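See below for the structure under consideration.
The values are calculated or read from the model by the stated rules, or taken from the named source; none is laboratory data. Given the structure is predicted, the values throughout are model-derived calculations rather than measurements. Don't worry about glycine lacking a Cβ; one is built from the backbone with ideal geometry, like all the others, and counts go over all protein chains shown.
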Amino acid sequence: MTDSNISFINAAEKTNINSKKNTGDVYVLAVESSCDETSAAVVRNGRDVLSNIIASQIDIHKIYGGVVPEIASRKHIECINPVIEEALRKAAVTLSDIDAICVTYGPGLVGSLLVGVSAAKAIAFAEDKPLIGVHHIGGHISANYICHKELEPPFMCLVVSGGHTNIVEVENYGKYKVIGRTRDDAAGEAFDKVARTIGLGYPGGAKIDALSKEGDEEKIAFPRGHIEGFPYDFSFSGIKSSVLNYVNGCNMKGEEYNRADIAASFQKAVVDVLVEHTISAAKEYGYTKIAMAGGVACNTSLRKEMQEACGEAGFKLYYPEAVLCTDNAAMIGAAGYYEYINGVRHGYDLNAVANLKFE
């Protein structure tokens, strides 16, 4: 607001929601700062978003070709209070209306996480409100509850982002079982690295998605990673290296290469594996509802291929709207609400955990 280098986005649902508190309503103030987005939201009853304010740092980090942790932390410090104030203002509530303070405490960049955790602890202490730490992946999964109010567990969820690629059994609210995970790079990380290799810049996911529409996805036979004995785990380091070797080979031979064909063929290889593993897991474990979450869930090819595969299998597919696929506080508020009603509480010794496990 006072810093012209920071863009504030109100990403609340477009529906006109009356924020007046009724008996039995639970309002949570949620904070998310795990990477390079400073966000705060007010969420009612786990599914109604009254405000979802996001301060984006993308324009800052694209200069460096990726997120610089120290810069991200400093920008969070600048933004955190104005973002929280704006979230409360947009929701037309005060801290006295809030029932609990929810915050991402991991995984993520430790300096970034500490800013959000410190702010949430300070508010919880000052206002004598319950404090609830939320797992970032649980937040991504819970974004589906906001966009699909009819969705209830159990279901299978593909979480696919810049830092995570997991197949998760959502057994109940806040109860998860990971049955597949990446052994090396996350899918979103591979997108960013391949985008940098072919000169598209950062962030790479949306740029590869757009460029791939101009290319031939069958032109280059990039490998599909599989882990012997672990049918639902992922590996994307091989395809990333294959793209780099292809480009280097062309350069050494003095041959031109088509960036659109590379983007399309790379994306096809990644999407094939994501869809195949998820559908196979759902069939084996007996699920007919599949959800997707995380930044890569915005990918148009992934959505199309997963929708077609679910249609063939007779499954129902869910995924959030684009703004709720990326990091935001509304998803943390949705997850935090269900933790709150399940009796989860954290003390003021809550700390940021960069490599917080998800089991």
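Just so you know, in the range 190-236 the residues that are surrounded by fewer than 22 Cβ atoms within 10 Å (Cβ to Cβ) and among the β-branched types (Val, Ile, Thr) include one that is nearest to SER301 (Cα to Cα), and it is ILE220.
So if I check each of ALA195, ALA221, ALA206, ALA190, which one is small (Gly, Ala, Ser), assigned to a loop (DSSP other than H, G, I, E, B) and in the same structural domain as LYS304 (by TED's automatic domain parsing)? So the residue among ALA195, ALA221, ALA206, ALA190 that is small (Gly, Ala, Ser), assigned to a loop (DSSP other than H, G, I, E, B) and in the same structural domain as LYS304 (by TED's automatic domain parsing) is ALA221. The combined condition, being touching a residue at least 60 places away in the same chain (Cβ under 8 Å), assigned by TED's automatic domain parsing to the domain that holds ALA206, over 21 Å from CYS147 (Cα atoms) and not charged (D, E, K, R), is fulfilled by ALA282. Only a single item in (1) in the same structural domain as VAL168 (by TED's automatic domain parsing); (2) at pLDDT 95 or above is not met by GLY295, and it is number (2). Scanning the range 35-83 for residues that are hydroxyl-bearing (Ser, Thr, Tyr) and buried (at least 23 other Cβ atoms within 10 Å of the Cβ) yields THR38, SER39, SER51. Any residue at all in the range 130-145 that's without any contact (Cβ under 8 Å) to a residue 60 or more places away in the chain and not small (Gly, Ala, Ser)? Within the range 130-145, not a single residue is without any contact (Cβ under 8 Å) to a residue 60 or more places away in the chain and not small (Gly, Ala, Ser).
Out of all the residues in the range 112-163, which are in contact with a Gly (Cβ under 6 Å, 6 or more places away or on another chain) and either of a type in the set (Val, Ile, Thr) or modelled with pLDDT under 95 (or both)? Those that are in contact with a Gly (Cβ under 6 Å, 6 or more places away or on another chain) and either of a type in the set (Val, Ile, Thr) or modelled with pLDDT under 95 (or both): ILE132, VAL134, VAL159, VAL160, SER161, GLY162.
With a requirement of 1 or more residues that are of a type outside the set (Val, Ile, Thr) and closer than 26 Å to LEU131 by Cβ, the helices (runs of 4 or more DSSP H) lying completely within the range 287-346 that satisfy it span 322-325, 329-341.
Check the range 101-119 and report whether any residue there is touching a Phe, Trp or Tyr at 6+ places or on another chain (Cβ under 7 Å) and either surrounded by fewer than 18 Cβ atoms within 10 Å (Cβ to Cβ) or in the same structural domain as ALA329 (by TED's automatic domain parsing) (or both).
Yes, because at least one residue in the range 101-119 is touching a Phe, Trp or Tyr at 6+ places or on another chain (Cβ under 7 Å) and either surrounded by fewer than 18 Cβ atoms within 10 Å (Cβ to Cβ) or in the same structural domain as ALA329 (by TED's automatic domain parsing) (or both).
For the residues LEU274, LEU244, LEU302, the requirement of being farther than 15 Å from VAL160 by Cα, of a type in the set (A, V, I, L, M, F, W, C) and assigned by TED's automatic domain parsing to the domain that holds GLY201 singles out LEU244. Is it true that ALA352 is surrounded by 14 or more Cβ atoms within 10 Å (Cβ to Cβ), assigned by TED's automatic domain parsing to the domain that holds VAL115, modelled with pLDDT of 95 or more and touching a Phe, Trp or Tyr at 6+ places or on another chain (Cβ under 9 Å)? Criteria not met by ALA352.
Residues in the range 126-169 that are under 19 Å from GLY333 (Cβ atoms), surrounded by fewer than 24 Cβ atoms within 10 Å (Cβ to Cβ) and aliphatic (A, V, I, L, M): 2 in all. In summary, VAL178 fulfils each of the numbered conditions (1) closer than 28 Å to GLU70 by Cβ; (2) outside any helix (DSSP H, G or I) with the single exception of condition (1). Taking the range 60-110 as the range and being β-branched (Val, Ile, Thr) and touching a residue at least 60 places away in the same chain (Cβ under 8 Å) as the test, the residues that pass are VAL83, VAL93, ILE98, ILE101, VAL103, THR104, VAL110. Can you say whether LYS149 is basic (Lys, Arg) and closer than 20 Å to ILE341 by Cβ, as far as the supplied structure shows? Taking the combined requirement at face value, the residue satisfies it. For GLU321, the criteria (1) surrounded by 15 or more Cβ atoms within 10 Å (Cβ to Cβ); (2) of a type outside the set (A, V, I, L, M, F, W, C); (3) in contact with a Cys (Cβ under 9 Å, 6 or more places away or on another chain) hold in every case but one, which is (1). For the range 224-236, the count of residues that are closer than 25 Å to ILE141 by Cα, in a helix (DSSP H, G or I) and among the acidic types (Asp, Glu) is zero. If we keep just the residues of the range 30-49 that are outside any strand (DSSP E or B) and in contact with a Gly (Cβ under 8 Å, 6 or more places away or on another chain), which is farthest from TYR202 (Cα to Cα)? Checking each candidate, the answer is GLY46. Among the residues of the range 51-76, those that are in a helix (DSSP H, G or I) and in contact with a Ser or Thr (Cβ under 9 Å, 6 or more places away or on another chain) comprise ILE58, ASP59, PRO69, ALA72, SER73, LYS75, HIS76.
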